[in-house]
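*Asks:* Below you'll find the structure I mean.
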Amino acid sequence: MNILIVYPQVAETFWSFKHALRVVQRKSAFPPLGALTVAAMLPCPWQKRLVDMNVRSLHDDDLQWADYVFISAMVAQWGSTRTVLDRCRKLGVKTVCGGPLFNSYREVFQDADHLILGEGELTVPRFVADIENGAAKKYYEEHNRPPLDATPIPQWDLIHLSDYASMGIQYSRGCPFNCEFCDIIVMNGRVPRTKTNDRMIAELDALYSRGWRGTVFIVDDNFIGNKIKVKSLLREIITWQSQRKRRLNFFTEASVDLAEDEELMDLMVQAGFNKVFMGIETPSEEGLKECGKSQNLKRGLTDSVRIIQNHGLAVMGGFIIGFDSDPPDIFQRQVQFIQKTGIVTAMIGLLFKCACNNTDPQESLNFVPKMDRETLINGYKWVMNTIYSPEMYYKRIMTFLQDYRPKTKFYLEKNDVLTFIRTFWYLGIVDRTSTKNYYWRLLKNSYSKYRTAFSEVVCLAIYGYHFRKLFWSPRFKSELEK
């Protein structure tokens, strides 16, 4: 049996890091972790190939080789997924589709030959058995939540690790909170399920043995959903790191109540974490209450961010504009909060109700908001162009550095040094706007005053290059000065 696993192209979004990848000379930010995990669930005798369309093109020869084309996709891959399905149908190749996109929008993709809905540990084995017996069905759906001890180690040999800026592993599924706008609990449940410590160490060993020495993204939607278990894991990772000449560094996603647990923050930093993405959402208490974000109301959000960054974890923040309770000055308040807290990597999206790119106002606003539609869209554009203007971005990094207290040493590999040198060209020479002046000033000030955080500064400078390409243009300068 010949199986081609296709991972469609991700749309150009905040997290695609398309422009930053040019600087670091990698082809994609993240590997297709779900697809690699499903590959490991398939029988060993089956011939398996994987085409990540974010890394290389998909050719007709690839499709014609396959008995079945497995497609794994998220919402941000909608357009590319549609194209792949159309190509398969034209060539007469059977398709097997699964992942968040198909779970949420099955009715749109009825032309798929087989839809694998729910968590793969339960559905994939049933599909495989039916394929081998010649009795495969259209739908395979499962609503139960399997334990993660049966989840295999991703089949890393199907990709070239050097194509990616970071690797990914999963520790848990599910989140104990019930934020109104989030579909995580719909897909993965309210009770966090975790892998065993031994399994996580085995996954780290698998990456390390293949030569990976860079960043690892623990992809959980809330890594600290079960704090007792995660502390136990972190102690194991600390021991694992101490036994190796080169440490890995990690980042993940967590809820803001991380600020309430000093032991947990210390363990994360000791284990090698230096970044954490958090759903801040809004500085408006009314908005937080409206969307059920109770964990963000335990203390002032400004204090929570400062505490976490003081412990050596850079906060990346997610924000939402478009709540019914948003006051007329929400745009100014969002900018003021982001600048005051030094959240350099701030993803702001419009509230939306279906599949779309939530950083594209024309696509995102697909319902009737309480605020005037034009006011909301124009306000959103103003926020994005303000916070990603060179001046505001530079000021925000300097605010971040005043609070950030890195406590562990992160090793620089040869590629890191080469990347730093390439920033001279992209950010310090080629740029014809005023941006390069801020770049040189940033390097000078951070190296003289915040040398222990210098590698993080270089990383943020590269991020800024990507964000300006997406969200900022010099033509908005007159608006920003008003």
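The values are calculated or read from the model by the stated rules, or taken from the named source; none is laboratory data. Everything quoted here is computed from the prediction, not taken from an experiment. Cβ sites come from the backbone with ideal geometry, for glycine too, and all protein chains shown count toward neighbours.
*Asks:* Which residue is nearest to Ser104 (Cα to Cα), if the candidates are limited to the range 141-179 and must be under 19 Å from the mean Cα position of the chain (by Cα) and part of a strand (DSSP E or B)?
*Replies:* Of everything passing the filter in the range 141-179, Arg173 is nearest to Ser104 (Cα to Cα).
*Asks:* Is it the case that the range 309-318 has a residue that's over 15 Å from Phe223 (Cβ atoms), assigned by TED's automatic domain parsing to the domain that holds Asp221, β-branched (Val, Ile, Thr) and not in a helix (DSSP H, G or I)?
*Replies:* There is no residue in the range 309-318 that is over 15 Å from Phe223 (Cβ atoms), assigned by TED's automatic domain parsing to the domain that holds Asp221, β-branched (Val, Ile, Thr) and not in a helix (DSSP H, G or I).
*Asks:* Of the residues Leu85, Leu63, which single one is closer than 29 Å to Ala165 by Cα and either modelled with pLDDT under 95 or out of contact with any Leu (no Cβ under 8 Å at 6 or more places or on another chain) (or both)?
*Replies:* Working: Leu63 fails: either modelled with pLDDT under 95 or out of contact with any Leu (no Cβ under 8 Å at 6 or more places or on another chain) (or both).
Going through Leu85, Leu63 in turn, just one is closer than 29 Å to Ala165 by Cα and either modelled with pLDDT under 95 or out of contact with any Leu (no Cβ under 8 Å at 6 or more places or on another chain) (or both): Leu85.
*Asks:* Further question: Could you list, ordered by first residue, the pairs with Cβ atoms under 6 Å in which the first is in the range 332-350 and among the aromatic types (Phe, Trp, Tyr) and the second is part of a loop (DSSP other than H, G, I, E, B), at least 6 apart or interchain?
*Replies:* Matching pairs, first to second residue: Phe337/Pro283.
Table: residues versus (1) at pLDDT below 95; (2) in contact with a Pro (Cβ under 6 Å, 6 or more places away or on another chain); (3) of a type outside the set (Phe, Trp, Tyr).
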site	(1), (2), (3)
Asn103	yes, no, yes
Phe109	no, no, no
His114	no, no, yes
Ala136	no, no, yes
Tyr139	no, no, no
Asp149	yes, no, yes
Pro154	no, no, yes
Tyr164	no, yes, no
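*Asks:* Please state which one of Gly292, Gly322, Gly300, Gly349 is among the small types (Gly, Ala, Ser) and under 30 Å from Val458 (Cβ atoms).
*Replies:* Exactly one of Gly292, Gly322, Gly300, Gly349 is among the small types (Gly, Ala, Ser) and under 30 Å from Val458 (Cβ atoms), namely Gly349.
*Asks:* Mind listing whichever residues of the range 229-266 are under 25 Å from Lys293 (Cβ atoms) and out of contact with any strand residue (DSSP E or B) (no Cβ under 6 Å at 6 or more places or on another chain)?
*Replies:* Matches in the range 229-266: Val230, Lys231, Ser255, Asp257, Leu258, Ala259, Glu260, Asp261, Glu262, Glu263, Leu264, Met265.
*Asks:* Can you give me the ranges of the strands (runs of 3 or more DSSP E) entirely in the range 42-100 with at least 1 residues that are surrounded by fewer than 18 Cβ atoms within 10 Å (Cβ to Cβ)?
*Replies:* Once the strands (runs of 3 or more DSSP E) in the range 42-100 are filtered for at least 1 residues that are surrounded by fewer than 18 Cβ atoms within 10 Å (Cβ to Cβ), what remains is 47-52, 94-98.
*Asks:* Residues that are within 26 Å of Asp183 (Cβ to Cβ) and at pLDDT below 95: does the range 327-338 have at least one?
*Replies:* no
*Asks:* Determine whether the range 121-140 contains at least one residue that is assigned to a helix (DSSP H, G or I) and within 25 Å of Ile237 (Cα to Cα).
*Replies:* First pass over the range 121-140, keeping only residues assigned to a helix (DSSP H, G or I): 121-132.
The next check asks that each one be within 25 Å of Ile237 (Cα to Cα); those that pass are none.
So far as the range 121-140 goes, no, none of its residues is assigned to a helix (DSSP H, G or I) and within 25 Å of Ile237 (Cα to Cα).
*Asks:* Give the residues of the range 183-212 that are part of a loop (DSSP other than H, G, I, E, B) and either in contact (Cβ under 8 Å) with a residue 40 or more places away in the chain or under 22 Å from Glu236 (Cα atoms) (or both), sorted by residue number.
*Replies:* Applying the first criterion (part of a loop (DSSP other than H, G, I, E, B)) to the range 183-212 yields 183, 189-192, 195-196, 210-212.
The answer is Asp183, Gly189, Val191, Pro192, Lys195, Thr196, Arg210, Gly211, Trp212.
*Asks:* Now for a different question. Of all residues being among the hydrophobic types (A, V, I, L, M, F, W, C) and surrounded by 22 or more Cβ atoms within 10 Å (Cβ to Cβ) in the range 272-287, which is farthest from Gly317 (Cα to Cα)? Just the residue, please.
*Replies:* Taking the range 272-287 first, the residues among the hydrophobic types (A, V, I, L, M, F, W, C) are 273, 276-278, 280.
Those left that are additionally surrounded by 22 or more Cβ atoms within 10 Å (Cβ to Cβ): 273, 276, 278, 280.
On the way: Phe273: 16, Val276: 8, Met278: 5, Ile280: 6 Å.
Ranking the qualifying residues of the range 272-287, first place goes to Phe273.
*Asks:* Identify, from the list Asn437, Asn445, Asn415, the residue that is under 29 Å from Ser162 (Cα atoms) and either modelled with pLDDT under 85 or not β-branched (Val, Ile, Thr) (or both).
*Replies:* Among Asn437, Asn445, Asn415, only Asn415 is under 29 Å from Ser162 (Cα atoms) and either modelled with pLDDT under 85 or not β-branched (Val, Ile, Thr) (or both).
*Asks:* Quick check on the range 8-41: of everything there that is among the small types (Gly, Ala, Ser) and not in a helix (DSSP H, G or I), which residue is surrounded by the most Cβ atoms within 10 Å (Cβ to Cβ)?
*Replies:* Among those that are among the small types (Gly, Ala, Ser) and not in a helix (DSSP H, G or I), it is Ser28.
*Asks:* Working only within the range 88-120, note down all residues that are acidic (Asp, Glu) and touching a Leu at 6+ places or on another chain (Cβ under 8 Å).
*Replies:* The answer is Asp111, and nothing else.
*Asks:* Using the structure shown, decide if Leu58 is in the same structural domain as Tyr105 (by TED's automatic domain parsing) and over 23 Å from Val108 (Cα atoms).
*Replies:* The answer is no for Leu58.
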